[in-house]
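The numbers here are math on the coordinates, done by the rules we state, and not lab data. Remember, it's a predicted structure, so these values are computed and weren't measured experimentally. Heads up, the Cβs are rebuilt from the backbone with ideal geometry, glycines too, and the neighbour counts pull from every protein chain shown.
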Amino acid sequence: MSIGVPIKVLHEAEGHTITCETNTGEVYRGKLIEAEDNMNCQMQNITVTYRDGREAQLENVYIRGSKIRFLILPDMLKNAPMFKRPGGKGSGTAGRGKSAILRAQARGRGRGQNQRGRGTGSAPWLNQQNQPGGSQAGRGRG
């Protein structure tokens, strides 16, 4: 299984200054040295703000990913390549939201030539005019 876009962006933030808030309410701001796929983060040159407002300087910190409430990453990562859409404009690929669905419905259902609609009329193989034996053909045993 491959990693998702948020984890890819977190890896792109390595070497940049980030802010990390833990589940206990402490806020760590410093340089992200390494991020793992489970969001474990190793940071350097940290300013930590505790819940009561006190601040302290830390040289190194390692935060377990499951204890992270949220991360604030640099704005420059908005231009990261994983946010670019694959394919060009007007490629006509599926999965592009409501407009693609409406275009497909306007083209028609794509099932056969019958224009009467779904579930109307009878099946062509049960047409009474083409059956030998008159009007009783195909109506049981007797």
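The gain in end-to-end length when the R85 to S66 segment is fully stretched comes to 3.8 nm, 0.36 nm per residue minus the alpha carbon separation.
Label-to-label distance, R103 versus K31, with points set 7 angstrom from Cα along the beta-carbon direction: 4.8 nm.
A DSSP coil position with no more than 15 other Cβ atoms inside 10 Å describes the following trypsin sites (Lys or Arg not before Pro) in the stretch 1-100: R51, R54, R64, K84, K89, R96.
Full extension of the segment from T24 to K8, taken as 0.36 nm per residue of separation minus the current Cα-Cα distance, would add 3.2 nm. When a/c is below 1.5 the answer is rounded, else prolate if a/b is larger than b/c, else oblate, so apply that to the stretch 15-74 with a ≥ b ≥ c taken from the square roots of the Cα gyration tensor eigenvalues. The shape class here is oblate.
For K31, the lysines whose Cα falls under 30 Å of its own Cα, not counting residues fewer than eight places away in the same chain, are K8, K67, K78, K84.
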